[in-house]
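Visitor: Structure below; questions to follow.
The values are calculated or read from the model by the stated rules, or taken from the named source; none is laboratory data. Just so we're clear, the structure is a prediction, and the values are computed from it rather than from any experiment. Cβ atoms come from the backbone with ideal geometry, glycine included; neighbour counts cover every protein chain shown.
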Amino acid sequence: MTAVRCPITQILKRDGTVVPYDRDRITTAIFKAAASIGEPGGRPAAEELSADVETALVANHRTGDKPSVEDIQDVVEEMLMKCGRTALARSYIIYRHQHAQARSARNDQFEATDNIPYKKIYEVLLWNMDHDCDTVDGLNKIIADGRFEELIRDTDIRYDEEVKRAARKIIERLPEVRIVIIAGPSSSGKTTTTIKTGESLRAAGYELVAMAVDNYFFDLESHPKDEFGDYDYETPQALDLPLINEHLERLLAGETIKTPDYNFKTGRRTLNVHEMKLQPNQVLLIDSLHGLYDGMTSRIPTSKKFRLYIETLGQLRDAHGNFMRWADSRLLRRMIRDSQHRALQPVQTLAHWHYVRRSELRHIIPFINGSADFLVNSALPYELPILKHKLFHFFPEALELFRDEPKRQDAYVRAKRVHELLSQITGIADDSIVPQTSLLREFIGGSEYRY
């Protein structure tokens, strides 16, 4: 059945927010439900069914109506039952129930841990509003008016001052603090933040000495794998946590240790390779995704640790009023970095992002509240126009590649969302106006820092 022109342009989410209506989301849900029971037809069959659902929605709603997500899901179930697709209807109901349970679990976790730094987000939003870069339209106008270089300057000043404040907090707690933990999810800018923090500490007579946590990976054959057979470097259980804690205790006791060496080409580690001792004017640095994970430093007293957390807390609304997701900003950074330094095509990074996010949600995000001593916002309002020029052309390929692949629907939905946002933004081809000390250089190259 061919769907008529849909008068529904917006829907009501469960939290009361209004978002654009997108039939493709219905298609994706039906496609996943069908794939889970092995029904043939793939995405084209799911698109036909979603067209029927849309026809039913049109018949029951007037122009300008905003059906809720629950209303739409009810219509999907009813339509599947009426056309005799009972097995698919049952699968869809299970799919819907599982998502409801997941939402409930997330809500419970939020209430228990308050993982969202609301005060910080409000500060970021106010800063963006004051600088006219809280919306896509505002960002595009800055570019059109020739004020883009000014935005770069003001953004970098804000970020640098924030890192300096963090360093001052560390210095205030010296010499009791012996370990500085700089943590955050993938591509949040930990390396640049670490370098800049180290500059402030050196000015105060102290030196950051890094413990290379990556050398503590177990042999690759011992790593857990995801559902695609990919080895998972993103989980803290891939690291020898007991050995890390033993070495930390010995270093703080003034002993000399020998850390392992991990070879990423062979996937194997060698024990007792790199000699290390902590001097009185030295502060041990742990730069790790999982720095806030309790198992990483559980045997070290809290008073001996300073925990700095980094996240891209960007506050940018698209043409429909939807805020860009923080993780999408970091995905773009990692896509360009992987292509330059890890021989991975951007589409490969997009495909593998699912287990990066899964590990973040399990092992990083839950430890923000009550664990971090300072929070740095590493989102740069000027980075999207530059990243668009470098990455936008990869997204049509990704959409085509993942569209009909049942196990890659998360990648398809993510690619579609980011593609739609970037399509609204004016791209900038010349990145020479980005300073060599900018955090963005960690990802696009050309930094004066050595990574």
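A quick yes/no check of all residues on (1) surrounded by 14 or more Cβ atoms within 10 Å (Cβ to Cβ); (2) of a type in the set (Lys, Arg):
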site: ILE244; (1), (2): yes, no
site: LYS258; (1), (2): no, yes
site: LEU271; (1), (2): no, no
site: HIS290; (1), (2): yes, no
site: LEU308; (1), (2): yes, no
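Visitor: In addition: From the list GLU420, GLU442, GLU400, GLU405, exactly one residue is buried (at least 19 other Cβ atoms within 10 Å of the Cβ) and acidic (Asp, Glu). Which is it?
Guide: Details: GLU420 fails: buried (at least 19 other Cβ atoms within 10 Å of the Cβ); GLU400 fails: buried (at least 19 other Cβ atoms within 10 Å of the Cβ); GLU405 fails: buried (at least 19 other Cβ atoms within 10 Å of the Cβ).
So the residue among GLU420, GLU442, GLU400, GLU405 that is buried (at least 19 other Cβ atoms within 10 Å of the Cβ) and acidic (Asp, Glu) is GLU442.
Visitor: Moving on to the next point. Return the pairs, sorted by first residue and then second, in which the second residue is surrounded by 15 or more Cβ atoms within 10 Å (Cβ to Cβ) and assigned to a helix (DSSP H, G or I), the first residue lies in the stretch 246-257 and is free of Cβ contacts under 8 Å to residues at least 60 places away in the same chain, the beta carbons are less than 7 Å apart, and the residues are 6+ apart or on different chains.
Guide: Correct list of pairs: ILE257/HIS247; ILE257/ARG250; ILE257/LEU251.
Visitor: Taking only the stretch 183-193 into account, find how many residues are among the β-branched types (Val, Ile, Thr) and either at pLDDT below 95 or in a loop (DSSP other than H, G, I, E, B) (or both).
Guide: If we filter the stretch 183-193 for residues that are among the β-branched types (Val, Ile, Thr), which is where we start, we get 191-193.
Still in the running and either at pLDDT below 95 or in a loop (DSSP other than H, G, I, E, B) (or both): 191.
Number of matching residues: 1.
Visitor: Here's another thing I want to ask about it. State all residues of the stretch 178-194 that are among the small types (Gly, Ala, Ser) and either under 8 Å from ILE310 (Cα atoms) or not assigned by TED's automatic domain parsing to the domain that holds ARG362 (or both); if no residue qualifies, say none. Even if it seems obvious, please write down each step before you answer.
Guide: The first filter runs over the stretch 178-194 and keeps only residues among the small types (Gly, Ala, Ser), leaving 183-184, 186-189.
Once the filter is applied, which keeps residues that are among the small types (Gly, Ala, Ser) and either under 8 Å from ILE310 (Cα atoms) or not assigned by TED's automatic domain parsing to the domain that holds ARG362 (or both), the stretch 178-194 yields ALA183, GLY184, SER188, GLY189.
Visitor: Another question about this same structure. Tell me yes or no: at least one residue of the stretch 153-167 is more than 22 Å from the chain's Cα centre (by Cα), buried (at least 16 other Cβ atoms within 10 Å of the Cβ) and either among the small types (Gly, Ala, Ser) or more than 19 Å from GLU383 (Cβ to Cβ) (or both).
Guide: Checking the stretch 153-167: at least one residue is more than 22 Å from the chain's Cα centre (by Cα), buried (at least 16 other Cβ atoms within 10 Å of the Cβ) and either among the small types (Gly, Ala, Ser) or more than 19 Å from GLU383 (Cβ to Cβ) (or both).
Visitor: Before we move on, is ARG357 of a type in the set (Lys, Arg) and more than 24 Å from TYR309 (Cα to Cα)? So that I can check it myself, show each step before the final result.
Guide: On the way: of a type in the set (Lys, Arg): yes; more than 24 Å from TYR309 (Cα to Cα): no.
So ARG357 fails the test.
Visitor: Let me ask something additional. Where residues in the stretch 360-381 are β-branched (Val, Ile, Thr) and over 18 Å from LEU331 (Cβ atoms), which of them is modelled with the highest pLDDT?
Guide: Step one: filter the stretch 360-381 for residues β-branched (Val, Ile, Thr), giving 364-365, 368, 376.
Next, only the ones that are over 18 Å from LEU331 (Cβ atoms) stay: 368, 376.
On the way: ILE368: 70, VAL376: 95.
Within the stretch 360-381, the match that is modelled with the highest pLDDT is VAL376.
Visitor: Also, I was wondering about something else. Considering only the stretch 370-378, I want to know if a residue exists there that is β-branched (Val, Ile, Thr) and more than 22 Å from CYS133 (Cβ to Cβ). I'd like the intermediate steps shown before the answer.
Guide: We begin by selecting, within the stretch 370-378, every residue β-branched (Val, Ile, Thr); these are 376.
Right, trim to more than 22 Å from CYS133 (Cβ to Cβ) and you get none.
No; the residues of the stretch 370-378 include none that is β-branched (Val, Ile, Thr) and more than 22 Å from CYS133 (Cβ to Cβ).
Visitor: For the stretch 296-353, what are the residues that are over 16 Å from ILE121 (Cβ atoms), among the hydroxyl-bearing types (Ser, Thr, Tyr) and under 18 Å from the mean Cα position of the chain (by Cα)?
Guide: The answer is SER339, THR349.
Visitor: Next question, about the same structure. Do any residues in the stretch 331-351 that are not assigned by TED's automatic domain parsing to the domain that holds GLY189 have Cβ atoms under 8 Å from those of residues that are modelled with pLDDT under 85 and assigned to a loop (DSSP other than H, G, I, E, B), where the two are at least six apart or on different chains, and which pairs are they?
Guide: The qualifying pairs do not exist here.
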